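Participant: I have a structure I would like to understand better, so I am pasting it below and will then ask my questions one at a time.
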Amino acid sequence: MKIALIGYGKMGREIETISRERNHTIALVIDVNNQQDLRPENLRKADVAIEFTTPLSAPDNLRRCFEAGVPVVCGTTGWMDAWNTVADACKRTNGGLFYASNFSLGVNILFYLNKQLARIMNRFNQYDVRIEEIHHTAKIDKPSGTAITLANDIIREFKAKKRWELDGASTPQSIMIQAVRKENIPGIHTVTWDSENDILQLHHSAKSRRGFALGAILAAEFMSGKKGIYGMNDLLQL
Ligand SMILES: NC(=O)c1ccc[n+]([C@@H]2O[C@H](COP(=O)([O-])OP(=O)(O)OC[C@H]3O[C@@H](n4cnc5c(N)ncnc54)[C@H](O)[C@@H]3O)[C@@H](O)[C@H]2O)c1
């Protein structure tokens, strides 16, 4: 498979390494210094594009892939305000988009367990829930896309909670997400259900970026030749 890498930072470089291990070719590399090369004729040299850039640049990069007719896998977080317009553009142009706020297998199993646990907790109102995420200091968005997914899934399943709040105090109707920034942490997420008598936690800690990069490449292999909008549930069938 020929891959166009859009964003050649920490994730872009990790994806390049694993792509080569899996016998894929890198047909195009776009970063901030050669953005003008993100043109249809260059993109069409690839079977699929993988986009890991910044919240500000992702929506436009994705639209360019749709217009070139090249399916794109996006891992950039923090641009969900633009989701509806990007999804509309994808449908209008008959494009292909795979989005995941987190490509690691373990986190997607965590998402599944989190929903199940939230559903169970409707029967046990002595527990309150909070979320903590810890990431490296270069992360731009806050809270992480993964923490937002965890919170929104709890809100959908657990009747008492209606919204989440960043770094505030938990209230009966809101889930507190605490976002911590520390050197060299690829990503830690903990969902805590706390009662007077005990604490129940779901915890995931990424050991490196490799798990995210591998997940993005598996998504790219899945997307080759596809149209429409997909996510990790389509890939993992959890
Ligand atoms: N979904 C996941 O599993 C997952 C995992 C890790 C990181 N992320 C997210 O991926 C994104 C990138 O993470 P990173 O750690 O590689 O960041 P990074 O800062 O190391 O790399 C981002 C790269 O994008 C480049 N860039 C900026 N604007 C651009 C543009 N207009 N066109 C092309 N390139 C541009 C930057 O120069 C930089 O090299 C972040 O949003 C991060 O939160 C997601």
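The values are calculated or read from the model by the stated rules, or taken from the named source; none is laboratory data. Everything quoted here is computed from the prediction, not taken from an experiment. Reconstructed Cβ throughout: ideal geometry from the backbone, glycine too, with neighbour counts over all protein chains shown. To get the accessible areas, we keep the full protein, side chains included, count just its heavy atoms, and leave off ligands, DNA and RNA. Shrake-Rupley method; radii C 1.70, N 1.55, O 1.52, S 1.80 Å.
Participant: Defining a contact as two alpha carbons under 8 Å apart and six or more residues distant in sequence, what relative contact order in percent does the chain show?
Facilitator: 22
Participant: Multiplying the sequence separation of residue 25 and residue 81 by 0.36 nm and subtracting their Cα-Cα distance, what value in nm do you get?
Facilitator: Full extension from residue 25 to residue 81 adds 16.9 nm.
Participant: A further question on this structure: Give the peptides 6-19, 66-79, 135-148 in descending order of average Cβ contacts within 10 Å, highest first.
Facilitator: Highest to lowest by the protection proxy: 66-79, 6-19, 135-148.
Participant: Carbon and sulfur atoms: what percent of the 1.4 Å accessible area of the chain do they account for?
Facilitator: Answer for the chain: carbon and sulfur cover 49 percent of the accessible area.
Participant: Restricting the count to DSSP beta bridges whose residues both fall in the chain, what percent are antiparallel, rounded to a multiple of 5?
Facilitator: 35
Participant: Go ahead and collect, in residue order, the members of the range 101-128 whose backbone nitrogen is under 12 Å from a label point 7 Å along the Cα-Cβ direction of residue 195.
Facilitator: Residues 121-128 qualify, since their backbone N sits under 12 Å from the label point.
Participant: Also, quick follow-up: Below 8 Å, C-alpha to C-alpha, sequence gap of six or more: please give me the relative contact order for the range 105-205 in percent.
Facilitator: 35
Participant: Sticking with this structure for a sec: When only the heavy atoms of the protein chains count and the probe is 1.4 Å, how do 218, 117 rank by accessible area, highest first?
Facilitator: 218, 117
Participant: Determine the percent antiparallel among the DSSP beta bridges restricted to the range 105-205, to the nearest 5.
Facilitator: Within the range 105-205, antiparallel bridges account for around 60 percent of the total.
Participant: Before I look further, what does the chain give for accessible area per residue, probe 1.4 Å, in whole square angstrom?
Facilitator: Per-residue value: 49 Å².
Participant: Quick check: Cα centre of the range 211-238 to Cα centre of the range 50-105, how many Å?
Facilitator: 13
Participant: A further question follows. Does the range 1-78 come out rounded, prolate or oblate, given a ≥ b ≥ c as the square roots of the eigenvalues of its C-alpha gyration tensor, rounded meaning a/c under 1.5 and, failing that, prolate meaning a/b above b/c?
Facilitator: oblate
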